[in-house]
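Have a look at the structure below, then the notes.
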Amino acid sequence: MRKPVCFERKVNEMSEQEKGTNTTGEEPVKEQAQYTLSVQKEFMREKIKQKPVNKKKLLRRTVITAVMAVVFGLVACFTFLVLEPVISNRLYPEEEPSEVVFPEETLTEEMKPEDMLVNEEDEEAQTPEPVDMEMVDEQIEELLSKVDLEFTLEDYQSLYEELRALTQEVGRAVVTVAGVTSDVDWFNNIYENVASASGVIVADNGKAMLILVSAGNLNGADSIEVTFCDQTQVEAELVQKDPNTGLAILSVPLSAIGKETMDMIAIAQLGSSNVASLLGAPVIALGSPLGTGGSISYGVVTSTGTPIDLPDSAYKRITTDIYGSRNATGILVNLKGMVIGIIDNVNAGNDMANLLTAFGITELKSTIEQMSNNKERAYLGVHGADVPKRAVEDTELDMPAGTYIREIEIDSPAMAAGIQSGDVVTKIGSTEITTYNELLGILQSAKPEDVLTITLMRQGHEMKADVTLGSW
């Protein structure tokens, strides 16, 4: 290892100095060696100093580390929130709720007079056996002798006991729906307003119980509570509301309903309101026919088939002789325990203010299905009716079969497309339209924003209009 220049220079100077003072003896050489060793040790001694701390740089690195930690945490949270449902669905796939579909009605129509006529061929094919009239008379007399024609109070009481048993069975499907709204009084005290209505369980989609109820009392509610027949209260959610009828579908998760309650409640059976035998038939009003929950009323049907003037619909009204509340809610059932109507006194006339009326269940079924499945429903905005058969057959009028437009809703898609009252819709796309129900069927299968090409007759001239459907 080469020694530093400064070290050699210093050693040479010392040697020359010693040579100048003492050039003859060995003592100076020894001193020179000792001095050289001491200088070498002094030079080789290390002195360690701590590096000064840069506070600004340290602060900057600390801030950057903290910011990166926050960013990493946010990215991790966002990734977890986004991917967690996907991973959970892959590992533990959840079943989708089943679609609610009501079976088609099988109407048992009464025999028409022309059906009573027998053709000659049928008459020849039938070979009636001879009847012994004396034996028939004896059988009739025997039956009459066994019949007790006296109707006692016990019979009357037993009749009403059977009616009460029927109402208890049907009442398992009736619920009380309360809309809870919080407010503050003048003294800053928080209080709750509760508006209630009676509803009915209409379906079970495998995930929740679906409840049909009048939505008038639920407007602006902060929360919705459902009370079942065993007085169990469960919170419900709004699935869909129909502004046309004022009805709504609520859902109560099956996981929130206890086993005992599940054993108590039942799903209502929807009957038919489109039968001729319904007129004059006895019915039972359940729910809140008198304005109070849990009330019951008996009566008979006084009229059926009266159209309710609402757009894009052909709902029909059922009227009864039951005196009830103007704010009545609930259901009408027949003596078989089947729902034939949803009580609604809002659309009743002034002359029937306190007589219970209801939407016929037959025309409501399609709307209940769509709301239960939370499907978007198309909106056209017309009030229609069938063109009378006499008008079609009259050659002077020259009116085609189709849907007669009686009225158009303001700012509706029909008005925007130029359709007017008095027009007759004869075709939608390539489908012939001969009745108003056919037009409604196409609307029910259509979706909002669909464009329909409507062919119509106006004062003897055929026209076409492209309508972009809206939504309810």
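Each value in this text was obtained by applying a stated rule to the coordinates, not by laboratory testing. Keep in mind that this is a model prediction, so the values were computed, not measured. With ideal geometry, Cβ positions are generated from the backbone for all residues, glycine too; neighbour counts draw on all protein chains shown.
At a glance:
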item: Environment charge of E438, counting only residues whose C-beta is closer than 10 Å and scoring Lys/Arg +1, Asp/Glu -1; result: -2
item: Euclidean distance between Cα centres, segment 257-281 to segment 396-465, Å; result: 36 Å
item: Alpha carbon centroid spacing (whole Å) that separates segment 307-350 from segment 208-222; result: 18 Å
item: Extension gain (nm, one decimal) between D263 and N219, 0.36 nm per residue minus Cα-Cα; result: 12.7 nm
item: Flagged links, alpha-carbon separation over 29 Å, of K316/K336; K241/K389; K336/K375; K365/K464; result: K241/K389; K336/K375; K365/K464
item: Length added when fully stretched, V300-T431, from 0.36 nm per residue minus Cα-Cα; result: 43.0 nm
item: Q168-K464 FRET efficiency (beta carbon distance; Förster radius 56 Å; 0.05 resolution); result: 0.45
